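Below: one structure, written as structure tokens.
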Amino acid sequence: MKNKNLTFSGVQPTGNLHLGNYLGALKNFVDLQNKMECIYCVVDLHAITVYQKPSELKENILETTAAFLASGLDENKSIIFNQSSVSGHAELAWILNCICRVGWLNRMTQFKDKAGKDKEKASVGLYIYPNLMAADILLYKATHVPVGEDQKQHLELSRDIAQKFNRDFQVENFFPLPEPIIQKNISRVMSLRDGLKKMSKSEESDFARINLRDSKDLIMQKIKKAKTDSLPIPEKKKDLINRPEALNLLNIYSDLTKKSLDVTLNEFQGKDFSVFKKKLSEALIEIVCPVGEKIEKLMKDKTFLQKVLQKGTENAYKIAEENLKKTREIIGLL
Ligand code: AMP
Ligand code: TRP
């Protein structure tokens, strides 16, 4: 039997949602909302794989919910909820821990990056983080998963786990193999300070990223200070090969203005970066500031945000329970 199309994705409530989250993930979430049933999750259990201050975590769960809505998600069209309120995520994650092989986890580059030099001191949760992510997706039998490029390896692992489960228990197609949906034009928004590093919440300098809640003035300042090089904007894409910062800014502009990189190059070729940066700031202000303002407004009505999560939780729970019940039966649990 073919599984019906269903989208699932998650964002960690770790604060400072930025342009990379927006262009790499949230914008895609909204597009998919009109195409199929979608479930969007604030993955609080993933966030605690590194220590979070409890009071900040609470606030960040609500802020991520607000960011979902401010980006255009509609709680009447999509299921919006937080992971820890549906206990099936943790239960299925345990089952999948028993399917996934240690060797598979050892290949995960995000763990290596996040754990840093002293792996012995990383939490066990951080190590098995990808299995919880697989559980998130498989709990709903999701077929489509919009994510940034940095999550591609985790998605491939989810597919391997689904495949091994189906094979071990001889239940062909029980878990669908989820497809990643990754933005083609700008799959990875890079840091404004280093074009070889992705834009991230954890980078120390705030000037490395555009946060969704940044003011107009701050956006202008950040773009003014963004690293470029001394050459003018080239005519051809191939001339951007060794200019990662220039490429990143041009890609961001193209994505925001819905133009191809070729069209952008045509518009600015031979010009100085100062001219281009002005236009880029304008585009950012036009798109990011309204989202930031909506987040701010929504954060003033926390009761509403909690209601959205509660309704989403009820709907998510129903699907999760049904799939978990079948999963338990398949495994032979009483
Ligand atoms: P996280 O904040 O790590 O939970 O990420 C939420 C979503 O944003 C995931 O789909 C990530 O792949 C995506 N994402 C995070 N940083 C970037 C980036 N710099 N460029 C593109 N997508 C990103
Ligand atoms: N690991 C993802 C990230 O850091 C967040 C995430 C958790 C997720 N569970 C998921 C994304 C399930 C897609 C599907 O960005």
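Brief remarks on what is shown
- Charged-residue dipole, Cβ positions (Lys, Arg, Asp, Glu), segment 10-142 about Cα centre, Debye nearest 20: 520
- Percent of alpha-carbon pairs separated by more than 24 Å within segment 1-153: 32
- If the segment from ASN173 to SER55 were pulled out straight at 0.36 nm per residue, it would be longer than the present Cα-Cα gap by 38.3 nm.
- Positive end of the dipole of the chain (Cβ unit charges, origin at the Cα centre): among ALA47, PHE175, PHE268, the Cα lying farthest that way belongs to PHE268.
- The fraction of Cα-Cα pairs per 10 angstrom bin, counted from 0 for segment 255-310, comes to 20, 34, 19, 16, 11, 1 percent, rounded to whole percents.
- With Cα atoms, 0 to 90° folded angle of helix 88-97 axis to the chain main axis: 80
- Each label point was placed 7 Å from the Cα along the Cα-to-Cβ direction; for LEU333 and ASP239 their separation is 6.1 nm.
- Around PHE81: net Lys/Arg minus Asp/Glu count, Cβ-Cβ under 13 Å: -1
- GNM result for the chain, Cα springs below 10 Å: residue of PRO244, PRO176, PRO54 fluctuating most strongly: PRO54
- For the chain, the longest principal axis of the alpha carbon atoms and the long axis of helix 152-168 meet at an angle near 20°.
- Here the chain was treated as a single set of alpha-carbon atoms; its pair distances binned every 10 Å from 0 give 5, 25, 32, 24, 11, 3, 0, 0 percent.
- In this calculation the C-beta distance from ASN5 to LYS311 is compared with R0 = 25 Å, giving a FRET efficiency of 0.65.
- Helix-only [θ]222 nm of the chain, DSSP H runs n ≥ 4, -39500 (n - 2.57) each, per residue, nearest 500: -16500 deg cm²/dmol
- For segment 166-230, applying the loop criterion from DSSP together with a ceiling of 12 other beta carbons within 10 Å to the GluC sites (Glu not before Pro) yields GLU172, GLU204.
- Net charge over other residues, Cβ less than 15 angstrom from the Cβ of LEU309 (K, R count +1; D, E count -1): -3
- DSSP-defined antiparallel bridges as percent of all bridges, the chain, nearest 5: 10
- Note on GLN110 and PHE304: the extension gain reaches 66.4 nm, defined as 0.36 nm multiplied by sequence separation minus the Cα-Cα distance.
- Summed side-chain charge close to LEU132 - residues other than LEU132 whose Cβ falls under 12 Å, Lys, Arg +1, Asp, Glu -1: -3
- Listed residues LEU212, LEU324, LEU62, most fluctuating in the chain (Gaussian network, C-alpha, under 10 Å): LEU324
- Segment 48-89 - Rg and Dmax from Cα coordinates, angstrom: 11.9, 33
- Cα-based convex hull, segment 185-247, per residue volume (Å³, whole number): 109
- Straightening the chain between GLU91 and LYS121 buys 8.3 nm, computed as 0.36 nm per residue apart minus the Cα-Cα spacing.
- For the chain, the Cβ-based charge dipole about the Cα centre amounts to some 400 debye (Lys, Arg positive; Asp, Glu negative; other atoms uncharged).
- Test item: Cα-centred dipole of segment 249-290, Lys/Arg +1 and Asp/Glu -1 on Cβ, debye: 60
- Between the Cα long axis of helix 216-225 and the first principal axis of the chain there is an angle of about 70°, rounded to the nearest 10.
- Segment 65-209 shape via C-alpha gyration tensor axes, a/c threshold 1.5: oblate
- Largest mean-square fluctuation among VAL102, VAL189, VAL308, in a Gaussian network model of the chain whose springs join Cα atoms under 10 Å apart, belongs to VAL102.
- Cα pair distances of segment 154-208 binned at 5 Å [whole percent]: 4, 18, 15, 12, 11, 11, 10, 9, 6, 3, 0
- Summary of the geometry: segment 221-249 and segment 129-159, compared by the centres of their Cα atoms, lie 33 Å apart.
- For segment 155-298, the Stokes-Einstein estimate of translational diffusion at 20 °C and a viscosity of 1.002 mPa s comes to 124 µm²/s, using the Kirkwood hydrodynamic radius over alpha-carbon pairs.
Values quoted throughout were computed directly from the atomic coordinates according to the rules given, and no laboratory measurement underlies them. All values reported here derive from a predicted model rather than from experimental measurement. Every residue, glycine as well, gets a Cβ built from its backbone with ideal geometry; the counts of neighbours run over all protein chains shown.
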